[in-house]
Amino acid sequence: MLWAALSCVVGAVLLVAGIPKVTDNQRMIRAVRGYRLLPDQVAVVVGRVLPWLEIVLGAGLILGVAPVVTGAVASAMFFAFFAGLTINLLRGRRDLDCGCFAFSAGGEEIAHIGWWHSARAASFAILAAAVTLTPEIGVFDRLTGTGVGLFVVALVCVGVYARSVMSFGRRPIDDYLTNAAIELRAISSVSRY
């Protein structure tokens, strides 16, 4: 069951990463070019193929189809992400959209990478490599492990989404109202005298 859950978690991560990228081909190509590691024509091909590869590998890992092959390819892909991120960090290039899970920057916002991104890619490379060691799993264990893996991924996705819309401590509305509060205090202090 543990092997099936591990395979499912890696597969779900690939699906969550790949599906949003399919709709924005140009931005994905820009993200791949941003690494400055591949010739321009190769970057275009990689930018177009990568989201589909993530989806196919993710579905294969979740369903348990050829875990040795899908795990090995996923591990190689995560290792390539790790290498690309690490090389750019060592070059001092942090203003880069990693293109990991859709696109981190929108509009005028500038994306940044850090060692966390590199470590995350290395961790997933190791987990995907571990999937290649999967022993033969029965149907019950496969279904149970897949259910556990999907539950864990869903829980993490809900947590990440909740964190993006909720603010612990100071709320975003407080920033909006801060100027109004200062102005009201100034007006009330002037009116007292």
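The values are calculated or read from the model by the stated rules, or taken from the named source; none is laboratory data. On a predicted model such as this, the values are computed, not experimentally measured, just so you know. Reconstructed Cβ throughout: ideal geometry from the backbone, glycine too, with neighbour counts over all protein chains shown. Surface accessibility is based on the protein's heavy atoms, side chains included, excluding ligands, DNA and RNA. Shrake-Rupley method; radii C 1.70, N 1.55, O 1.52, S 1.80 Å.
Taking the Cβ-Cβ separation of A72 and A154 as r and a Förster radius of 30 Å, what is the calculated FRET efficiency to the nearest 0.05? Provide the component values of the computation, followed by the final result.
Values: r = 26 Å, r/R0 = 0.88.
Here the calculated transfer efficiency is 0.70.
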Virtual spin-label span in nm between V65 and H112, 7 Å along Cα→Cβ: 4.1
Charged-residue dipole, Cβ positions (Lys, Arg, Asp, Glu), region 16-166 about Cα centre, Debye nearest 20: 320
Size of electric dipole in region 20-91: Cβ of Lys, Arg +1 and of Asp, Glu -1, about Cα centre, debye, nearest 20: 260
For L2, net neighbour charge (Lys/Arg +1, Asp/Glu -1) across residues whose Cβ lies under 15 Å away: -1
Segment L37-A119, extension gain: residue separation times 0.36 nm, minus the distance between their alpha carbons: 27.6 nm
Where region 1-123 is the region considered: accessible area per residue in Å², 1.4 Å probe: 51
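Subtracting the Cα-Cα distance from 0.36 nm times the residue separation, let me have the gained length for L184 to F140 in nm, one decimal.
Here the segment from L184 to F140 would lengthen by 9.3 nm.
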Amide H contacts of L96 (H built 1.01 Å from N, under 5 Å, at least 5 apart or other chain): H112, I113
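Largest first, how would D141, D95 line up by accessible area (1.4 Å probe)?
Working: D141 65, D95 105 Å².
Accessible-area ranking of D141, D95, largest first: D95, D141.
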Derived scalar couplings ³J(HN,Hα) [region 92-99; Karplus, 6.51 cos²θ - 1.76 cosθ + 1.60; whole Hz; x for Gly, Pro]: x, 9, 9, 7, 8, 7, 5, x
